[in-house]
Amino acid sequence: MEFENILVNQQENMATVTINRPTKLNALNRDTIQELHDAFKVLNKDKSVKVIILTGSGEKAFVAGADIAEFSDFSVKEGGKLAAKGQKLLFDYVENLATPVIAAVNGFALGGGLELAMACHFRVASDNAKMGLPEVSLGVIPGYGGTQRLPQLVGKGRANEMIMTAGMIDAQKALSYGLVNYVVTPEELMPLCEKLAGKITNNSSVAIRYAIKAVNAGFSTDTDGFDKEIKAFGECFGTDDFKEGTTAFLEKRKAHFE
Ligand code: COA
């Protein structure tokens, strides 16, 4: 896949998507959001891709936010449209993707950058990472899901503090907040993400897809998460992966999922 603002690299059943605008600290402009959507769509359809790692190029930033230059003269209507379109194309899209996405946070993850990392299924950070939602310092609020996902991940009080102060937290604090699952050196970041991705690829992609749906249902206001879990659990019993997984266990061998 060839894109202008992102790089996509596939190795066996893992894909890495790298946001590649290092001179703009990988800020998310309209084209980058569209390209990310297109890349995730293609990778999600590809049955050989079982896990995706999302990162930013360069040593400085994962993503330093939405591209401020692009929306500084927007009207009320255009502002609303920007958030709605972005959420649909990228942030909600990634969160609900059937293929797991790990965010490798390799530096600044600010505004839309932190919102993108939070839309991923989980996050790993390098020890130079800095995270925050600085929008109120620009006279706006987070518009790509930040007011919802940050409280979900770190709790309402911590989220309110981060949003209201517009401050940045370092990787260790993010770890203590549960915003990221691990903090490692920049050199160890991709190897750790690949190791975690490798563990995921050993498991049933079909079951993981159902698990993502059930977990997300619990955070949606119009779905009952427990009910979704019951239905998804039941549906697993009709899959080849369930037959293979349970048979392999009873035969004392390793399961081989497609
Ligand atoms: N949108 C557009 N451009 C951005 C950007 C963003 N969110 N973040 C960084 N850039 C650009 C800068 O304008 C600069 O471009 P230039 O070289 O053409 O002038 C380049 O990326 C490098 O950034 P710079 O500010 O010079 O780096 P720094 O090391 O001094 O500061 C940050 C790093 C992250 C602290 C600073 O870039 C920043 O505050 N960025 C905005 C963060 C933000 O508010 N994000 C939320 C947006 S809603």
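The values are calculated or read from the model by the stated rules, or taken from the named source; none is laboratory data. Because the structure is a prediction, the values reported are computed rather than measured. We place every Cβ from the backbone using ideal geometry, glycine too, and count neighbours over all the protein chains shown. Each accessible area value is taken on the protein alone, full model and side chains, heavy atoms only, with ligands, DNA and RNA left out. Shrake-Rupley method; radii C 1.70, N 1.55, O 1.52, S 1.80 Å.
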Anyone know which of T18, T147, T99 comes out most mobile in the 10 Å Cα GNM of the chain? T147
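For the chain, with every protein chain kept in place, what is the accessible area per residue (1.4 Å probe, Å²)? Intermediate values should be presented prior to the final figure.
Working: 13530 Å² over 258 residues.
Averaged over the residues of the chain, the accessible area is 52 Å².
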Using a 1.4 Å probe over the heavy atoms of the protein chains, calculate the carbon and sulfur portion of the accessible area of the chain as a whole percent. 55 percent
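Does the range 71-220 classify as rounded, prolate or oblate by the C-alpha gyration tensor (a ≥ b ≥ c root eigenvalues; a/c under 1.5 gives rounded; else a/b over b/c gives prolate, otherwise oblate)?
Working: a/c = 1.92, a/b = 1.29, b/c = 1.49.
The shape class here is oblate.
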Percent antiparallel among DSSP beta bridges with both residues in the chain, to the nearest 5? 30 percent
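Kindly rank 42-49, 216-223 from highest to lowest mean number of other beta carbons found within 10 Å of each residue. The partial results should precede the final answer.
Numbers: 42-49: 14.1, 216-223: 11.6.
By packing density, highest mean first, the sequence is 42-49, 216-223.
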Value at 222 nm in deg cm²/dmol, rounded to 500, when DSSP H runs of n ≥ 4 in the chain each add -39,500 (n - 2.57): -14000 deg cm²/dmol
How big is D, in µm² s⁻¹, for the chain by Stokes-Einstein at 4 °C and 1.567 mPa s if Rh is the Kirkwood radius over C-alpha pairs? 68 µm²/s
Take every DSSP beta bridge whose two residues both sit in the range 57-153, then give the antiparallel share in percent to the nearest 5. 0 percent
So which aspartates and glutamates can K81 reach, going by Cα to Cα under 16 Å and dropping same-chain residues fewer than 8 places off? D31, D67, E70, D73, D92
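Which net charge results when you count Lys and Arg as +1 and Asp and Glu as -1 among the other residues whose beta-carbon is under 14 Å from that of D31? Let's see the in-between values first.
Numbers: positive: R21, K24, R30, K85; negative: E2, E4, E35, D38, D67, E70.
Its environment carries a net charge of -2.
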Under a 1.4 angstrom probe, counting protein chains only, how are L97, L82 ranked by accessible area, largest first? L82, L97
Any idea how far apart E2 and Q172 come out in nm if each label point goes 7 Å out from Cα toward Cβ? 4.7 nm
To the nearest 10 square angstrom, how much accessible area does F257 have with a 1.4 angstrom probe? 50 Å²
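Tally Lys and Arg at +1 and Asp and Glu at -1 over the other residues with C-beta under 15 Å from the C-beta of T223: what net charge comes out? Intermediate results must be reported in sequence, preceding the final value.
Values: positive: K213, K228, K231; negative: D92, E95, D222, D224, D227, E229.
Computed value for this residue: -3.
Quick check: from the Cα gyration tensor, does the range 28-126 come out rounded (a/c under 1.5), prolate or oblate?
Details: a/c = 2.19, a/b = 1.33, b/c = 1.65.
The shape class here is oblate.
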PRE reach from E187 (point 7 Å along Cα→Cβ): which of the range 115-145 fall under 18 Å by backbone N? 125-129
Quick one: go through the range 184-220 and flag any residue whose amide nitrogen is under 20 Å from the point 7 Å out along the Cα-to-Cβ line of H256. 198-207
Using a Gaussian network for the chain with springs between C-alpha atoms less than 10 Å apart, which of these wobbles most: L114, L196, L138? L138
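Mind ranking F91, F108, F226, F233 by accessible surface for me, highest first, 1.4 Å probe? If you can, show how the numbers build up before the last one.
Working: F91 0, F108 50, F226 160, F233 130 Å².
Correct descending sequence by accessible area is F226, F233, F108, F91.
What is the gain in length, in nm to one decimal, between S75 and T201 on full extension, counting 0.36 nm per residue of separation less the C-alpha to C-alpha distance?
My answer for the length gained is 40.9 nm.
Is the shape of the range 76-132 best called rounded, prolate or oblate, per the rule: a/c under 1.5 gives rounded, else a/b larger than b/c gives prolate, else oblate, with a ≥ b ≥ c the square roots of the Cα gyration tensor eigenvalues?
It comes out oblate by the Cα gyration axes.
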